[in-house]
Amino acid sequence: MKTIRGTRIQLQTPKAEQGFAMWQLARDSGVLEPNSSYVYLMFAKFFAETCVLAVEDGTPIGFVTGFIPPGSPQTLFVWQIGVSAAHRGKGIGKHMLRELLRRLESKSVCYLEATVTMSNDASKALFTSLANEYSARYQINECFSAEMFPEGGHEAEWTYRVGPIPIQS
């Protein structure tokens, strides 16, 4: 467990029972795409090593869910980042990503990927800022066109790939 310097916010590996809190944060965010509570329970149980939960005074205030894709052992794919409305704009998302990258150094993870819609200015800024912080390149390529989404009205998802990120060990 790591504490963000100058705060009471602890960054921890989630436990299965905390998947519910991650789901609540996503549901209440007003900005994240809604998913089944089962998805968050599954991430917290089976992919906990590649997830982070931010907790302040015992209350979950943010999370990152991610995984290492089969066939890409040097890549962390970030599936979702959520921070409570009261805590947004304070760099908590970036702290959680740094913590994951630090935690995964021993696995030689040096790339970070996520899909982002073009209207998601916060995520675009986060990933480009992270690339600048690590003096790493970033690429943007279309992942899923809007036409691929069966429900219609969904924006295209673009892959942001940051790296290689220097391994500090």
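The values are calculated or read from the model by the stated rules, or taken from the named source; none is laboratory data. What you see is a predicted model; the values in this text were computed from it and never measured. Because the Cβ atoms are built from the backbone with ideal geometry, glycine has one as well, and the counts that use them run over all protein chains shown. In case anyone asks, the SASA skips ligands and DNA or RNA and just uses the protein heavy atoms, side chains included. Shrake-Rupley method; radii C 1.70, N 1.55, O 1.52, S 1.80 Å.
Can you tell me how much longer the chain between Glu105 and Arg5 gets when fully stretched, taken as 0.36 nm per residue apart minus their C-alpha distance, in nm with one decimal?
Result: 33.9 nm gained on full extension.
Along the range 99-112, what does the Karplus equation 6.51 cos²θ - 1.76 cosθ + 1.60 (θ = phi - 60°) give for ³J(HN,Hα), rounded to whole Hz, x for Gly and Pro?
4, 5, 4, 4, 5, 9, 4, 5, 8, 6, 6, 9, 10, 10
GNM on the chain, C-alpha springs below 10 Å: top fluctuator among Pro14, Pro69, Pro60?
Highest fluctuation of the listed residues: Pro69.
In whole percent, how big is the carbon plus sulfur part of the accessible area of the range 1-69, probe 1.4 Å, protein atoms only?
Looking at the range 1-69 in its full context, I get 55 percent from C and S.
Determine the per residue accessible area of the range 21-169 with all protein chains present and a 1.4 angstrom probe, expressed in square angstrom.
The answer is 51 Å² per residue.
Percent of accessible area on the range 75-169 owned by carbon and sulfur, 1.4 Å probe?
With neighbouring chains kept in place, the figure for the range 75-169 is 50 percent.
Restricting to bridges with both residues inside the chain, how much of the DSSP beta-bridge set is antiparallel, in percent to the nearest 5?
90
For the chain, with only Lys/Arg (+1) and Asp/Glu (-1) charged at the beta-carbon, what is the dipole magnitude about the Cα centre, in debye rounded to 20?
740
Working out 0.36 nm times the residue gap between Thr117 and Lys45, then minus their Cα-Cα distance, what length gain in nm do you get to one decimal?
Using 0.36 nm per residue and subtracting the Cα-Cα distance, I get 23.1 nm.
Separation between the Glu155 and Gln74 pseudo-spin-labels, each 7 Å from Cα along Cα→Cβ, expressed in nm?
3.0
Loop-only trypsin sites (Lys or Arg not before Pro) in the range 1-65, please: DSSP not H, G, I, E or B, and at most 13 other Cβ atoms within 10 Å.
Arg5, Arg8, Lys15
Quick check: residue separation of Tyr138 and Phe67 times 0.36 nm, minus the Cα distance between them. What number comes out in nm?
23.7 nm
Give the calculated FRET efficiency between Ala146 and Lys124 to the nearest 0.05, with a Förster radius of 22 Å applied to their Cβ-Cβ distance.
The computed FRET efficiency comes out at 0.80.
Please work out how many pairs of lysine residues in the range 1-94 are eight or more positions apart (or on different chains) and have Cα atoms closer than 19 angstrom.
Total qualifying Lys-Lys pairs in the range 1-94 comes to 4.
Suppose every K and R has +1 on its Cβ and every D and E has -1 on its Cβ; what is the size of the dipole of the range 53-123 about the Cα centre, in Debye to the nearest 20?
Here the range 53-123 has a charge dipole of around 120 debye.
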